[in-house]
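The values are calculated or read from the model by the stated rules, or taken from the named source; none is laboratory data. A quick note: this is a predicted structure, and the numbers were derived from the prediction, not measured. A quick note on method: Cβ atoms are made from the backbone with ideal geometry, for glycine too, and the neighbour counts reach across all protein chains shown. These area figures cover heavy atoms from the full protein model, side chains too; ligands, DNA and RNA do not enter into them. Shrake-Rupley method; radii C 1.70, N 1.55, O 1.52, S 1.80 Å.
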Amino acid sequence: MAYRGKDPSTERVRLASAGAKAVTRQSLENQPRADVVKGNLFYAILLAALTAALVGLALIIIQAAISGWPAFSTKLFTNGPSTINPEEAGFRPAIIGTIYLILGVIVLIVPLGVSAALYLEEYADGERWWNRLIELNVQNLAGVPSIVFGILGLAFIVRGPLDLGFIVAAGSMTLALLVLPTVILASREAIRAVPPSIREGSLALGATKWQTIRRQVLPAAIPGVATGVILAVSRAIGEVAPLLLVGASTFVTFNPSFWGDDGYSALPVLIFNYATRPQDEFRVLAAAGVIMMLLVLLAMNSFAVWLRNRYEQQW
């Protein structure tokens with residue numbers, strides 16, 4: 001029986017890692033006391049800010065759950081909205097409209113965002129003025145208010161060159177424009193994080209650049225890309241202002257279709273409608289709608305997280 005000892009390369013990596021940790025620890029211990037105090041103070045401020053944000057979010061969710069629990073039932077998923085009978089009112093058309101909107105957003109932002117990130121990271125020449133202009137626009141568009149994208153969608157998608165009208169597809173395109181910079185930036189970071197040795201090894205074995213990107217770089221970058229898509233969908237599902245400009249109605253009693261021009265609604269729009277009514281029963285419905293929207297978002301994000309974790313285990 002052959003003796004299987006430790007792999008020399010693995011042992012070298014372990015020793016190098018241990019040595020680096022020891023050097024880093026020693027350098028941190030030898031820092032001036034003032035720097036240590038500043039570092040600990042900064043860490044405490046960051047921890048306090050994170051705690052305040054999480055506590056605030058938890059309080060909002062708890063308050064919505066307590067307020068909306070009396071109205072939470074299967075009627076919210078099966079019934080349409082009502083202006084005179086809150087006991088029988090629901091969110092069915094808005095749920096269907098939201099699902100159509102988000103599916104359309106995902107279909108648009110994944111290929112466009114990943115393609116743009118691949119071009120900027122793998123092919124674009126940073127010395128060219130148009131590539132620098134593209135990068136500048138992508139970074140600036142990530143901070144533009146959502147209402148500006150609503151005006152853009154109204155001018156160029158609902159009307160103007162495309163002239164699609166007030167349909168769900170127009171809403172999906174507008175939301176896709178809103179969150180596309182987020183996907184591009186996250187995808188670029190994911191592609192940039194792929195070790196250069198993977199590219200070099202693939203090219204050394206005779207693969208073309210596109211084969212290397214398609215079979216090595218993209219699969220390794222999928223977890224980071226999925227994170228960007230999760231963030232984008234989380235933002236898109238809660239937007240109201242752009243949808244109001246591109247045709248989302250506050251009161252729709254029928255199930256919308258993706259290309260139908262009869263009108264459509266979305267969960268945040270209908271929640272806003274219920275919350276602004278003077279009757280307390282409708283405000284309870286709005287609180288229940290908030291919890292239901294969180295459940296829809298959680299279901300979509302859970303699938304994306306599962307997909308990301310699956311690829312992380314493979315790589």
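Values for this structure:
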read-out	value
Members of region 242-265 that are more than 19 Å from K75 (Cβ to Cβ), part of a loop (DSSP other than H, G, I, E, B) and among the aliphatic types (A, V, I, L, M)	V246
Failed criterion for F156 (all others in (1) within 21 Å of V229 (Cα to Cα); (2) surrounded by 12 or more Cβ atoms within 10 Å (Cβ to Cβ) hold)	(1)
Residue that is modelled with the highest pLDDT, among those in region 252-267 that are under 19 Å from P86 (Cβ atoms) and out of contact with any Pro (no Cβ under 6 Å at 6 or more places or on another chain)	L267
Residues satisfying the stated conditions in region 92-123, i.e. within 14 Å of V138 (Cα to Cα) and either part of a loop (DSSP other than H, G, I, E, B) or of a type in the set (D, E) (or both)	E121
Candidates P223, P268 - the one that is closer than 17 Å to G90 by Cα and assigned to a helix (DSSP H, G or I)	P268
Test set (1) within 30 Å of E200 (Cβ to Cβ); (2) modelled with pLDDT of 85 or more; (3) open to solvent by less than 60 Å² (accessible area, probe 1.4 Å) - R215 fails condition number	(3)
Selection from region 211-239 of residues that are free of Cβ contacts under 8 Å to residues at least 40 places away in the same chain and hydrophobic (A, V, I, L, M, F, W, C)	A221
Residue within region 110-125 that is touching a Phe, Trp or Tyr at 6+ places or on another chain (Cβ under 6 Å) and either without any contact (Cβ under 8 Å) to a residue 40 or more places away in the chain or open to solvent by less than 50 Å² (accessible area, probe 1.4 Å) (or both) present	no
Residue in region 28-49 that is at pLDDT below 85, farther than 20 Å from I291 by Cα, β-branched (V, I, T) and assigned to a helix (DSSP H, G or I) present	yes
Any hit, region 55-62, residues being modelled with pLDDT under 90 and buried (at least 20 other Cβ atoms within 10 Å of the Cβ)	no
Residue list for region 70-91, filter: in a helix (DSSP H, G or I) and open to solvent by 60 Å² or more (accessible area, probe 1.4 Å)	P70, K75, F77, T78, E87, E88
